[in-house]
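Enquirer: Right, I'll just put the structure down here and ask away after.
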Amino acid sequence: MYGVTKNPENGDITITGENFECPRSELNAAEEDCSKIRVRFTNKFGDEIYMDGHKTSEDKIKCPIPKYPSPETLDVDITMNDQDYTNNGVTFGYIDPYILGVSPRLVSSRGTTKLRLDGYGFVQMEDDKTLVDFMSDNAGLQCSGGVCTRTYRVENENVAEVETYVQDNVLKPSGVNIGYDAFTVNMMDPAGNFAKNDIDLWYYRDPVFNSLSSSFAYANEHKPIMVNTNFFWGEGNQLERVRKHGNFTCRFTGDSGKQMFEAGVMETSPIGMYKQDTLPD
């Protein structure tokens, strides 16, 4: 369940479940006494908000949405007797999504990169409400005849993930391919608008790894390895952009399938030329 921050329209929510049985009336045992239904909203700090609930059918209870000052996900529990509350893991999210950071900033031209979106107010909702669109120069990029739009998946209220597109399928409104120009991802707000941000992303041309400086290392030896690489400088990749936003990781895979990862850095051969005019290779 979800609603907008501060609930400006004073709406209601309907909770669906089973065994919504009110206790018998003290005045007439043949009738139910549903006057003690309460709905409890609990935030991550343990603060609680209580609202009166109303049984509208055998499996539904309706209550007003409490006003809440910030985007957050709250636990929701109900009681039929004003004493014993459910504990079924049902949540209600107050929506006000905004992106503060995106990583990585460099996107593979093959469209295999998954973007991590950091921000606040993220709540998992229906697919048609958890959308980001891809924009360049404040205009929607085009994919397969429509705006490039993806459904994001929420990890928690501060982190979400979204897939990217194959570079060849991404066009500017003019019909020209995005190439290696900057673009942004923008998250849809409760009103159906996409909140713009200025966090630029770029496609990069996949480097080609040609050779290794060594083909072995002794057991337990910490040995640096130079990977001769064609970075395609000036042909899709820009040094300052890659140096600022690149994230190099070397993966070692054994015959058993076990993998190890080590961080890598750009260098020049011979080592030490990187601070001069020679480009990393």
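Enquirer: Quick one: if you take sqrt(5λ) for each eigenvalue of the C-alpha gyration tensor of segment 2-94, what semi-axes come out, biggest first, whole angstrom?
Expert: Working: eigenvalues 133, 35, 25 Å².
In descending order the semi-axes read 26, 13, 11 Å.
Enquirer: Now a separate question. Note down the magnitude of the dipole of the chain about its Cα centre, charges +1 on Lys and Arg C-beta and -1 on Asp and Glu C-beta and zero elsewhere, to the nearest 20 debye.
Expert: Magnitude of the dipole: close to 1160 debye.
Enquirer: If a cysteine in the chain has no other Cys Cβ under 4.7 Å from its own Cβ, put it on the list, ordered by number.
Expert: Cys63, Cys250
Enquirer: Based on alpha-carbon centroids, what's the gap between segment 67-136 and segment 141-156 in Å, whole number please?
Expert: When both Cα centres are located, 16 Å separates them.
Enquirer: What percent of all Cα-Cα pairs in segment 74-150 falls in each 5 Å bin, counting up from 0?
Expert: Distribution as computed: 3, 11, 14, 20, 16, 10, 7, 6, 5, 4, 3, 1 percent.
Enquirer: Starting from the 7 Å offset along Cα-to-Cβ, what nm value, one decimal, do you get for the label separation of Arg110 and Thr268?
Expert: According to this spin-label approximation, the distance is 3.0 nm.
Enquirer: Moving to a separate point now. If you filter segment 34-110 for GluC sites (Glu not before Pro), then keep DSSP loop positions with at most 15 other Cβ within 10 Å, what is left?
Expert: Glu58
Enquirer: How much length would be gained if the chain were fully extended between Lys258 and Ala219, taking 0.36 nm per residue of separation minus their Cα-Cα distance, in nm to one decimal? List each step's numbers first, then the result.
Expert: Values: separation 39, 0.36 × 39 = 14.04 nm, distance 1.58 nm.
Once the chain is fully extended between Lys258 and Ala219, it gains 12.5 nm.
Enquirer: Taking the inverse of the average 1/r across all pairs of different Cα atoms in segment 98-204, what Kirkwood radius in Å do you get?
Expert: Answer for segment 98-204: a Kirkwood hydrodynamic radius of 13.7 Å.
Enquirer: Let me ask another. Under a crude label model (7 Å from the Cα following the beta-carbon direction), how far is Phe248 from Val147 in nanometres?
Expert: Computed distance between label sites Phe248 and Val147 equals 3.9 nm.
Enquirer: Over 28 Å between Cα atoms, which of Lys129/Lys196; Lys67/Lys114; Lys62/Lys129; Lys114/Lys196 qualify?
Expert: Too far apart for the 28 Å limit: Lys67/Lys114.
Enquirer: Using the eigenvalues of the Cα gyration tensor, what equivalent ellipsoid semi-axes result for the chain when each is taken as the square root of five times the eigenvalue, whole Å, largest first? Please report the intermediate quantities before stating the final value.
Expert: Numbers: eigenvalues 567, 115, 44 Å².
Semi-axis lengths for the chain are 53, 24, 15 Å.
Enquirer: While we're here: Quick check on the chain: helices-only [θ] at 222 nm, where DSSP H runs of length 4 and up contribute -39,500 (n - 2.57) each and the sum goes over total residues. Nearest 500, please.
Expert: So the helix-based figure for the chain works out to -500 deg cm²/dmol.
Enquirer: Continuing with this model, one more query. How big is the Cα convex hull of segment 89-133 in projection, averaged over all directions, in nm²?
Expert: 4.4 nm²
Enquirer: Here's a follow-up. How large is the convex hull of the Cα atoms of segment 145-281 per residue, expressed in Å³ as a whole number?
Expert: Dividing the Cα hull volume of segment 145-281 by its residues yields 198 Å³.
Enquirer: Filter the chymotrypsin sites (Phe, Trp or Tyr not before Pro) in segment 208-238 down to the DSSP loop ones having no more than 11 other Cβ atoms within 10 Å, then list what survives.
Expert: Taking segment 208-238 and a limit of 11 other Cβ atoms within 10 Å, the loop chymotrypsin sites (Phe, Trp or Tyr not before Pro) found are Phe216, Tyr218.
Enquirer: Mind checking Rg over Rh on segment 208-275, alpha carbons, Kirkwood formula for Rh?
Expert: 1.00
Enquirer: Filter the trypsin sites (Lys or Arg not before Pro) in segment 77-145 to those in DSSP coil with at most 15 other Cβ atoms within 10 Å of their Cβ, and list the result. Don't skip to the end; give the middle numbers.
Expert: Working: sites: Arg105, Arg110, Lys114, Arg116, Lys129; in loops: Arg105, Arg110.
In loop regions of segment 77-145 (DSSP not H, G, I, E or B), the sparsely surrounded trypsin sites (Lys or Arg not before Pro) are Arg110.
Enquirer: Taking the Cα of Asn193, stepping 7 Å toward and past its beta carbon, and measuring to each backbone N in segment 149-176: which are under 16 Å?
Expert: Answer for this model: none.
Each value in this text was obtained by applying a stated rule to the coordinates, not by laboratory testing. The structure displayed is predicted, hence computed values, not measured ones. We place every Cβ from the backbone using ideal geometry, glycine too, and count neighbours over all the protein chains shown.
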